[in-house]
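Beneath this line is the structure, given in structure tokens, with notes to follow.
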Amino acid sequence: MNQYQTLVRNALGGTHKPNRTAADTVSTFGEYYEVDLGSSYPLLTTKQMDTVRWNSMLHELVWYLSGEHHVRTLREHTGIWDAWADEEWNLPSAYGRFWRRFPVPDADAQLPGEVWADPSCPWVEVDEETGTPVFDQIGYVVDTLCGDNPDRGPESRRLVVTAWHPANAATSGLPPCHYTFTLNAQEGRLNCHLTQRSADIALGVPFNVAAYALLAKVLAEISGLEPGQFGHSLVDAHVYCGTGERGLWYGEHLGALQERLAAVDTREGYRDVRDWLLEEAPPEDVEGVDPASQEYGYDHVPGLLEQLAREPLDPPSIDLDVTSVDGLTVDGVELRDYESHGPLGFRVAE
């Protein structure tokens with residue numbers, strides 16, 4: 001996917017920026033790209049993603065659509081959220097919880113003049129756990145796209161799903177990164193736009209693109225539309241660049257790195273920059289790091305330089321067996337004709 005490689009280059013042209021984790025970043029503001037979903041599926045080919053990562057993504061998307069706020073079922077297949085769960089495996093914020101059960105203010109909490117969907121609305125129900133009304137955003141979107149909303153048609157510009165609740169985000173240990181998406185039907189094609197406040201270029205973004213492109217295809221299949229464009233807006237697009245002395249090194253030498261990147265005129269030139277970096281930068285004090293085997297630590301820059309040296313391969317396609325959102329299963333998604341370069345190992349900055 002050439003768009004991804006452009007994103008990597010743009011992010012590496014950013015500034016050194018510490019953050020809440022122990023790993024520093026090279027960060028840039030405001031990136032955007034589009035991918036056409038009509039003829040292919042944008043699963044990254046410059047590193048292998050059809051094994052554990054693919055399986056994790058599928059189970060996570062099904063988990064989102066279930067509306068669950070805990071990871072007790074999900075963690076049987078992937079531990080991707082374990083680090084942020086409490087002792088009972090509940091999450092401080094869960095995407096699917098807001099997708100399927102977004103809180104509606106009680107009548108006595110509504111201000112004069114406000115308008116809210118009430119329990120007579122088809123997409124409002126009383127939450128069994130809390131006894132409060134909640135709104136099913138996914139149900140609303142699907143019914144509208146399928147022509148089952150008496151007040152809006154598939155051409156509606158109000159097909160927005162959000163996982164962001166300000167009062168939750170103010171205290172959550174990890175509020176949603178990819179926090180809202182919008183669907184838009186044009187000439188029989190369903191387009192999807194994802195907004196992401198915080199974007200980990202090496203690990204998160206390939207995963208996020210695969211998930212939301214698949215979700216867009218699923219919603220198009222259910223509603224009888226053709227897949228359209230996938231647009232992705234990234235607010236803070238960043239590359240993790242290591243902990244301790246390794247991260248500080250980038251603060252002092254980022255300009256030299258960027259000068260070398262600007263002079264690259266062949267794909268192999270990115271490997272030359274990577275080799276220079278590995279020789280000059282202090283080693284990370286992280287067990288198991290072995291650049292010779294493409295196993296990197298919390299410094300994702302060398303691995304991304306290796307990806308820039310790799311020519312993207314032809315994208316795969318997706319076959320779906322799904323008739324409803326609640327009926328989506330891992331077995332109902334088949335990845336076809338996927339070929340990739342070898343795997344790369346990055347550590348997650350928590």
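The values are calculated or read from the model by the stated rules, or taken from the named source; none is laboratory data. Note that the structure is a prediction, hence the values are computed from the model and not measured. Note that we place each Cβ from the backbone using ideal geometry, even for glycine, and neighbour counts take in every protein chain shown.
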Only unsatisfied item for Glu339, checking (1) within 26 Å of Leu7 (Cα to Cα); (2) in contact (Cβ under 8 Å) with a residue 60 or more places away in the chain; (3) surrounded by 15 or more Cβ atoms within 10 Å (Cβ to Cβ), is (3)
From the options Arg260, Arg274, Arg267, residue that is farther than 24 Å from Ser340 by Cα and either modelled with pLDDT of 95 or more or in contact with a strand residue (DSSP E or B) (Cβ under 7 Å, 6 or more places away or on another chain) (or both): Arg260
Is at least one residue of segment 12-23 assigned to a helix (DSSP H, G or I), at pLDDT 95 or above and closer than 21 Å to Leu257 by Cα? yes
Can you tell me how many residues in segment 326-336 are assigned to a loop (DSSP other than H, G, I, E, B), within 20 Å of the chain's Cα centre (by Cα) and surrounded by fewer than 20 Cβ atoms within 10 Å (Cβ to Cβ)? 1
Please specify each residue of segment 131-153 satisfying the condition of being closer than 12 Å to Ile222 by Cα and of a type in the set (Asp, Glu). Asp143
List the helices (runs of 4 or more DSSP H) that sit entirely inside segment 75-184 and contain at least 1 residues that are of a type outside the set (Val, Ile, Thr), exposed (fewer than 13 other Cβ atoms within 10 Å of the Cβ) and under 21 Å from the mean Cα position of the chain (by Cα). 166-169
Those residues of segment 292-316 which are surrounded by fewer than 21 Cβ atoms within 10 Å (Cβ to Cβ) and more than 17 Å from Arg260 (Cβ to Cβ), in sequence order: Ala292, Ser293, Gln294, Glu295, Arg310, Glu311, Pro312, Leu313, Asp314, Pro315, Pro316
May I ask you to list pairs of residues, at least six apart or on different chains, whose Cβ atoms are under 7 Å apart, with the first in segment 289-317 being in a helix (DSSP H, G or I) and modelled with pLDDT of 95 or more and the second being acidic (Asp, Glu) and surrounded by fewer than 22 Cβ atoms within 10 Å (Cβ to Cβ)? Ala309/Glu268
Taking segment 42-61 and the residues there that are among the polar types (S, T, N, Q) and not in a helix (DSSP H, G or I), the one that is nearest to Glu339 (Cα to Cα) would be Thr45
Evaluate segment 64-72: report whether one residue or more is more than 23 Å from Leu203 (Cβ to Cβ) and in a helix (DSSP H, G or I). yes
Quick check, is Phe98 touching a Lys or Arg at 6+ places or on another chain (Cβ under 9 Å), touching a residue at least 12 places away in the same chain (Cβ under 8 Å) and closer than 18 Å to Thr182 by Cα? no
For the list (1) touching a Lys or Arg at 6+ places or on another chain (Cβ under 6 Å); (2) free of Cβ contacts under 8 Å to residues at least 60 places away in the same chain, I need the number of the one condition that Glu226 fails. (2)
Can you name the residue in segment 217-263 that is hydrophobic (A, V, I, L, M, F, W, C) and assigned to a strand (DSSP E or B) and is also farthest from Leu58 (Cα to Cα) among such residues? Cys241
Could you tell me whether segment 74-95 includes any residue that is under 22 Å from Val160 (Cβ atoms) and of a type in the set (D, E, K, R)? no
Asp236 among the charged types (D, E, K, R) and crowded, with 19+ Cβ neighbours inside 10 Å: yes
